[in-house]
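K.L.:
Sharing a structure here in C-alpha cells format.
The values are calculated or read from the model by the stated rules, or taken from the named source; none is laboratory data. Just so we're clear, the structure is a prediction, and the values are computed from it rather than from any experiment. Glycine also receives a Cβ, built like all others from the backbone with ideal geometry; neighbour counts cover every protein chain displayed. Protein only, heavy atoms only, side chains kept; ligands, DNA and RNA dropped before computing areas. Shrake-Rupley method; radii C 1.70, N 1.55, O 1.52, S 1.80 Å.
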Amino acid sequence: MKRYDLIIVGAGPSGLSAAVEAAKRGMRVIVFDENDKPGGQLFKQIHKFFGSKEHRAKIRGFRIGEDLLKEAAEFGVKVVLNATVIGIYPQKEVTVRIEGVVEHYKGDAIIAASGASENMVTFDGWTLPGVIGAGAAQTMMNIHGVKPGRKILMLGSGNVGLVVSFQLMQCGCEVAALVDAAPRVGGYGVHAAKVARTGVPFYLSHTIVKAEGEDHVTGVTIAEVDDKFQFIPGTEKHFEVDTICLAVGLSPMSQLLKMAGCEMEDNPRRGGQVPVCDEKGRTSVAGIFAAGDVSGIEEASSAMIEGRIAGIAAAEYLGYMDSGESEQAIKEQEEALEGLRQGMFAPQNRGKHIETTDEGIQISESLLKKGYIGDDEIERYPGVRHTVGIHPVMECTQNIPCNPCQDACPKGCISIGQNITSLPIAVEGTECVGCGMCVASCSGQAIFLVDEQIEEGYASVTMPYEFLPLPETGTKGKGLGRDGSPVCDAEVIKVQTAKAFDQTHLLTIKVPEDMAMKARFFTF
C-alpha cells in the first residue's frame with residue numbers, strides 16, 4: 001500500500017488548486033483523475049473568465065489550466081491519469097483502478113474534488129445518436145477538434161447552454177435555435193446577447209416534444225409550455241437539425257463521499273445530494289474535505305478558490321500550518337470567494353425574479369425573454385452615452401462580478417468602483433484614445449467603441465470578433481442589430497489583432513450615422 005500525506009480525487013480546477021496549496025506547505029500530494037488529460041473543465045473553456053484580476057478575469061480557461069498544471073509540477077504534485085477511484089474506506093484507504101489493475105493507497109487526508117455530471121432530460125427519441133450533452137460537445141470541439149454536428153438545437157439557456165452555443169458557432173456549426181422551458185434566460189445577459197446578435201432565435205417557455213429520425217437525429221419538434229410545463233397544443237415548431245445539445249444542469253458526483261461515511265443532504269440550491277461541510281470544506285469525517293462542484297454547483301472560478309481553501313485546511317489538519325497562519329490564508333481566499341458570490345446571480349438569489357439592478361434600473365424584459373436588449377431599453381444604462389469622437393459603449397446591464405474593463409482602460413474612461421458587481425459607467429471628462437483594450441478584455445463581449453460621425457452621414461462601430469474567416473479591410477456585408485436581424489449595409493474599415501487582445505480581434509465597421517447605436521455584429 002502506497003502512502004501520501006494528501007490524496008485528491010479529481011484533477012480539475014478545484015483539485016489542482018487544492019494540490020498546489022497543500023504542496024506549497026511541504027505535503028506529499030497525489031491527484032487521481034479518470035480522464036486521459038488533466039484540468040477538468042478548464043481545457044474545454046476557451047472563453048474568458050469573469051471576476052477580477054485575483055480571479056484570473058479576462059484569461060481563457062485553458063490558459064488557467066496550463067498555469068495550474070505548471071504550478072503543480074513545480075511543487076512536486078504527482079498527477080495520475082486514467083485512474084478511477086472506486087472506493088474510499090475507513091482509515092482513509094483508497095482503491096484506484098489504473099490500467100486495469102486495482103491499487104491501494106493510504107492518505108492522512110483526502111480531498112474529494114470529483115466535480116459534477118451532466119443532467120439529461122427524456123423525450124421521444126432522446127436515445128438517438130445525435131442527442132448529446134453540452135459538456136460532450138465542448139469535449140469534442142475544444143479537446144479533440146471535432147465538430148459535434150452541422151446544424152444544432154440547444155436546450156438550456158443557463159451559462160453552459162449560452163457559452164456552448166457561441167462556441168459551436170465558433171467551431172463552424174449552425175445553431176438553429178436556443179430553447180428553454182423556463183420563461184426567462186437563466187444565464188448571464190451578456191452571454192445571451194452575444195449569441196442573439198449572431199441571429200440565433202431564442203424560444204423561452206418552450207421545450208422538446210420529440211427528436212426525429214430512425215438511426216440518427218434528422219430533426220426536432222419543440223412546443224410552447226404553460227406555467228405547469230405542459231405542452232400547449234398547436235404551438236409545435238419543427239427544425240431540421242442533425243444534433244440536439246442538452247444543457248440542463250449538473251449534479252454533484254458525491255458518491256465517494258457518501259461511501260466514506262460523510263453526512264449528506266439533498267440540497268436543490270447546491271445541485272442535489274452534497275456533503276454537509278463547513279466553510280473550510282471539512283466534512284463530518286475528520287480529515288476528509290470537499291471542494292468544487294462536488295459540494296455545490298458554481299462557476300470554475302469559485303471551484304478554484306474552494307480548492308485552495310480545502311488545501312490550506314488540509315495542511316492545517318496535518319500540522320503543516322499553525323492555526324493562525326491558516327486562518328489568515330483562508331480569510332484571504334474567502335474574501336475573493338465572497339466577491340464572486342455577489343450580484344444578481346449569487347447563490348442566495350437563485351430562482352428569484354429580480355426586476356431592478358442594484359442601481360435601481362429596470363432590468364431589460366426583452367433580454368430576459370428574447371436574449372437581447374431592446375433598442376428602446378439600452379439608453380437607460382450608465383455605460384451608454386453619446387459624445388463627440390470615439391468613445392466606449394458598455395452594454396452590460398446586470399450586476400455580475402466582473403471588472404476587467406475598468407483595469408484595461410489606460411485613460412480611466414470606464415469605472416465600476418469598489419463593488420465588483422456594479423454596472424460600468426462612462427466617466428465624464430475623460431478622452432478615449434480608441435486603443436480597444438476595453439473591448440478585447442470584456443469577458444462578456446459587451447463593450448463597443450463608437451464614433452457617431454466619422455464623416456458626413458456615417459459612423460463607425462468597433463466590436464469584438466472571434467470567428468473565422470476573419471474579414472479583411474474593405475469587406476462589405478451587413479450590420480446586424482442586437483436581435484441578429486440585418487439593420488444596414490456595412491463595410492469593414494479596420495481589423496486589429498494584437499497579442500494583448502488574446503485572440504479577440506477588433507472589427508471596425510462603417511455604418512450609416514443613425515445605426516451607430518444599433519449595429520452590433522457583422523456578417524458577410
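K.L.:
Ordering Phe62, Phe345 from largest to smallest accessible area (1.4 angstrom probe), what's the sequence?
P.N.:
Of Phe62, Phe345, the descending order of accessible area is Phe345, Phe62.
K.L.:
Using a/c under 1.5 as the rounded threshold, could you call segment 212-258 rounded, prolate or oblate? The axes a ≥ b ≥ c are square roots of the C-alpha gyration tensor eigenvalues, and prolate needs a/b larger than b/c, oblate otherwise.
P.N.:
Oblate shape, in that a/c is at least 1.5 and b/c is the bigger or equal ratio.
K.L.:
Roughly what would the spin-label model give for Lys151 and Val388, points 7 Å off Cα along C-beta, in nm?
P.N.:
5.2
K.L.:
Send over the Kirkwood Rh of segment 15-135, from the inverse of the averaged 1/r over different Cα pairs, rounded to one decimal Å.
P.N.:
Averaging 1/r across every pair of different Cα atoms and inverting gives 16.6 Å.
K.L.:
Now, a different point. Calculate, in nm to one decimal, what Thr497 and Glu332 gain on full extension: separation in residues at 0.36 nm each, minus their alpha carbon distance.
P.N.:
Computed gain between Thr497 and Glu332 is 55.7 nm.
K.L.:
Compute, for Leu368, the solvent-accessible surface of its heavy atoms (probe 1.4 Å) with the complete set of protein chains present, and express it in square angstrom to the nearest 10.
P.N.:
20
K.L.:
Another question, then. Can you tell me how much longer the chain between Ser117 and Thr523 gets when fully stretched, taken as 0.36 nm per residue apart minus their C-alpha distance, in nm with one decimal?
P.N.:
Answer, rounded to one decimal: 142.5 nm.
K.L.:
Let me ask something else about it. Spin-label point model (7 Å from Cα, Cβ direction): what's the Thr356 to Thr127 distance in nm?
P.N.:
Distance between the two pseudo-spin positions: 5.3 nm.
K.L.:
Can you send over the solvent-accessible area of Met27, 1.4 Å probe, protein chains only, in Å² to the nearest 10?
P.N.:
10
K.L.:
Based on the Cβ-Cβ distance of Thr84 and Asp215, what FRET efficiency does E = 1/(1 + (r/R0)^6) give at R0 = 35 Å, to the nearest 0.05?
P.N.:
0.65
K.L.:
Pairs Lys37/Lys78; Lys106/Lys280; Lys78/Lys106; Lys44/Lys369: which are spaced more than 18 Å apart, C-alpha to C-alpha?
P.N.:
Where the Cα-Cα span goes over 18 Å, the pairs concerned are Lys106/Lys280; Lys44/Lys369.
K.L.:
Can I ask one more? Might you tell me the accessible area per residue for the chain, computed with a 1.4 Å probe and given in Å²?
P.N.:
Result: 42 Å² of accessible area for each residue.
K.L.:
Can you give the FRET efficiency to the nearest 0.05 for Asp36 and Glu265, using r as the Cβ-Cβ distance and R₀ = 35 Å?
P.N.:
Efficiency at R0 = 35 Å is approximately 0.55.
K.L.:
Also: Placing unit charges on C-beta atoms (Lys and Arg positive, Asp and Glu negative, everything else neutral), compute the dipole magnitude of the chain about its Cα centre in debye, rounded to 20.
P.N.:
Roughly 920 debye for the chain.
K.L.:
Shifting gears a bit: Sorted from largest to smallest, which semi-axis lengths in Å does the alpha carbon gyration tensor of segment 328-367 give for its equivalent ellipsoid, taking the root of 5 times each eigenvalue?
P.N.:
28, 10, 7
K.L.:
Would you tell me the accessible area of Met120, worked out with a 1.4 angstrom probe on the heavy atoms of the protein chains, in Å² to the nearest 10?
P.N.:
Its accessible surface works out to 90 Å², give or take rounding.
K.L.:
Pick out, from Gly186, Gly343, Ser14, the residue whose Cα sits farthest towards the positive end of the charge dipole of the chain, with +1 on the Cβ of Lys and Arg and -1 on the Cβ of Asp and Glu.
P.N.:
Checked the options; the winner is Ser14.
K.L.:
With a 1.4 Å probe and all protein chains left in place, how much of the accessible area of the chain comes from carbon and sulfur atoms, in whole percent?
P.N.:
Exposed carbon and sulfur together represent 49 percent of the surface.
K.L.:
Also: Let me spell out the model: positive unit charges on the Cβ of Lys and Arg, negative unit charges on the Cβ of Asp and Glu, origin at the Cα centre of segment 422-484. What dipole size does that give, in debye rounded to 20?
P.N.:
Here the size comes out at about 300 debye.
K.L.:
Additional query: Report, in degrees rounded to the nearest 10, the 0 to 90 angle that the Cα long axis of helix 13-24 makes with the longest principal axis of the chain.
P.N.:
Helix 13-24 sits roughly 50 degrees off the main axis of the chain.
K.L.:
Moving on. Peptides 276-284, 221-229: what's the order by average Cβ count within 10 Å, highest mean first?
P.N.:
Most protected by this proxy first, the peptides run 276-284, 221-229.
K.L.:
If you don't mind, another one. Taking all pairs of distinct Cα atoms, average 1/r, flip it, and tell me the Kirkwood hydrodynamic radius of the chain in Å to one decimal place.
P.N.:
Result for the chain, one decimal place: 24.3 Å.
K.L.:
For segment 141-237, what is the number of Lys pairs with C-alpha distance below 23 angstrom, counting only pairs 8 or more positions apart or on separate chains?
P.N.:
Counting lysine pairs in segment 141-237 gives 7.
K.L.:
Using 7 Å Cα-to-Cβ label points, what is the Val101/Ile232 separation (nm, one decimal)?
P.N.:
About 6.3 nm separates the two model spin labels.
K.L.:
Here is a further query. Compare the Cα positions of Gln503, Ser415, Thr430 along the charge dipole of segment 371-524 (+1 at Cβ of Lys, Arg; -1 at Cβ of Asp, Glu; about the Cα centre) and return the one farthest towards the positive end.
P.N.:
Gln503
K.L.:
Please list Phe231, Phe32 in order of solvent-accessible area, largest first, computed with a 1.4 Å probe with all protein chains present.
P.N.:
Sorted by accessible area, descending: Phe231, Phe32.
K.L.:
Measure nothing fancy, just the Cα-based angle from helix 300-317's long axis to the longest principal axis of the chain, in degrees from 0 to 90, nearest 10.
P.N.:
20
K.L.:
If the only charges are +1 at each Lys and Arg Cβ and -1 at each Asp and Glu Cβ, what is the size of the charge dipole of segment 164-311 around the Cα centre, to the nearest 20 debye?
P.N.:
520
K.L.:
A further question follows. Tell me the volume per residue, in Å³, of the convex hull enclosing the alpha carbons of segment 411-514. Numbers along the way, then the final one.
P.N.:
On the way: hull volume 13.6 nm³, N = 104.
Convex hull of Cα atoms, per residue: 130 Å³.
K.L.:
Also, quick follow-up: Can you return the aspartates and glutamates within cross-link range of Lys494? Criterion is Cα-Cα under 12 Å, with same-chain partners fewer than 8 residues away left out.
P.N.:
Output for Lys494: Glu472.
K.L.:
Using 19 Å as the cut-off for backbone N distance, which residues of segment 392-416 belong to the label zone defined by a point 7 Å from the Cα of Lys70 along Cα→Cβ?
P.N.:
Answer for this model: none.
K.L.:
OK, next. Find how many whole Å separate the alpha carbon centroid of segment 493-517 from the alpha carbon centroid of segment 189-266.
P.N.:
Spelled out, the Cα-based centre of one part sits 34 Å from the other.
K.L.:
I've got another one for you. What pairs from Lys48/Lys352; Lys58/Lys92; Lys48/Lys331 go past 30 Å between their alpha carbons?
P.N.:
Pairs exceeding 30 Å: Lys58/Lys92.
K.L.:
Additional query: Taking the chain as the reference, fit the longest principal axis to its C-alpha atoms, fit the long axis of helix 323-340 to the helix C-alpha atoms, and give the angle between the two in degrees, 0 to 90, nearest 10.
P.N.:
Roughly 30 degrees between the two axes.
K.L.:
What order, most packed first, do the peptides 233-243, 196-206 have when packing is the mean number of other Cβ atoms within 10 Å of each residue? The partial results should precede the final answer.
P.N.:
Details: 233-243: 15.5, 196-206: 21.1.
The most tightly packed comes first, giving 196-206, 233-243.
K.L.:
Given the options Val248, Gly307, Pro275, identify the residue whose Cα lies farthest towards the positive end of the charge dipole of segment 246-345 (+1 on Cβ of Lys, Arg; -1 on Cβ of Asp, Glu).
P.N.:
Val248
K.L.:
Ok, one more. Only helical DSSP H runs with n ≥ 4 go in: add -39500 (n - 2.57) per run for the chain, normalise by residue count and round the 222 nm mean residue ellipticity to 500 deg cm²/dmol.
P.N.:
That calculation yields -6000 deg cm²/dmol at 222 nm.
K.L.:
Further question: Under Stokes-Einstein, with the Kirkwood radius over Cα pairs standing in for Rh, what whole-number D in µm²/s applies to segment 182-231 at 20 °C and 1.002 mPa s?
P.N.:
168
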